[in-house]
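Each reported figure results from applying straightforward, stated rules to the coordinates on display, with no laboratory input. In this text the structure is predicted, and so the values were computed from the model without any measurement. So basically every Cβ, Gly included, is an ideal-geometry build from the backbone, and we count neighbours across all protein chains shown.
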């Protein structure tokens, strides 16, 4: 069912963190003449700018803004993987650790302008896309991501900017409401270049409170999930082969040097070599001990018999321990992996806020 309600900015003009006013928004077939590279020439006498706030290279035409928003905020790979994301994560848009909790877990905050890495974590780091200035601007939301109550032609979100879904911007903003929940989170966000340094806690609290009320049915599919583990996304790409993925093996190529792969494979290779060497040595000991020397009441030098028997028993123990170690190394990760798959499979049809809202 189409949404017949007007789409309004999710925050008030007084709480906006960017106060730049916009000049007239051009139609898709219009262009902005630029006579000089000086951005000051693109600011009118009343202070209105003829470019996207924070992005002087993007003109205020719906076509240009639409293309820019798609490149900066859309996540086509995750959208294609949506029906399979239960395989790699818990379906909850609130499953996002705040920045100070990321630090507690030993993860560093890595700013990235790549939207498909936003809220993706790997080992000891979490990738977060910095907050674009235009999303803090009330006039931007009014001009490009909202419809007026008397606009009868714009009944759906796609009527605003055909190339871009407003729900993606709402989901991105809601993710920041979970990332920055406390004063220390704001400090970490400014130190990590995620938010402008001039924003104080009172301003941020008043602004972001509007986005904490947004439900799953108001955001894009990607933001029905929170933070995602990169290693699991790699397996999702390998298994389900989304057409938007850059490669068939990785969601994001982790290393660009073969030396790192070799370095990380040395320890497992050495462990395997040592284990097999130990097994082979134990087998040699077994073969070297004659069968008649293993009887409890053998004939001959009792000390030698007992020594051989002890070596034989020790070799058996070494073989058993080596086998147990390899079994645990294989069974424990496989068991955890299968448990996660079964958990996701059992909960894949669990009703969510999105399905309730859509109903």
Pulled fully out, how much extra length does the chain show between residue 55 and residue 318, if you take 0.36 nm times their separation in residues and subtract their Cα-Cα distance? 88.1 nm
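Could you rank the peptides 316-325, 200-209 by their average count of other C-beta atoms within 10 Å per residue, with the highest value first?
Details: 316-325: 13.0, 200-209: 15.5.
So the peptides 316-325, 200-209, ranked by packing, come out 200-209, 316-325.
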What does the extension gain come out to for residue 90 and residue 13, with contour length at 0.36 nm per residue minus their alpha carbon separation? 24.2 nm
Rg and Dmax of the range 49-97, Cα atoms only, in Å: 16.0, 46
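Would you kindly calculate the translational diffusion coefficient of the range 47-151, applying Stokes-Einstein with the Kirkwood radius from alpha carbon pairs, for 10 °C and a viscosity of 1.306 mPa s, and quote it in µm² s⁻¹ without decimals?
Numbers: Rh = 16.3 Å.
Approximately 98 µm²/s, per Stokes-Einstein.
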Please arrange 173, 338 by how many other C-beta atoms lie within 10 Å of their C-beta, fewest to most. 338, 173
Give the order of 224, 193, 118 when sorted by the count of other beta carbons within 10 angstrom, beginning with the fewest. 193, 224, 118
Please give the Cα centre distance for the range 167-225 versus the range 82-149, rounded to the nearest Å. 8
Separation in nanometres of the label points that stand 7 Å from Cα toward Cβ, at residue 114 and residue 334: 3.2
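Pop the C-beta distance of residue 142 and residue 101 into the FRET formula with R0 = 30 Å and round what comes out to the nearest 0.05. Show your work: numbers first, answer last.
Details: r = 34 Å, r/R0 = 1.15.
The calculated FRET efficiency here is 0.30.
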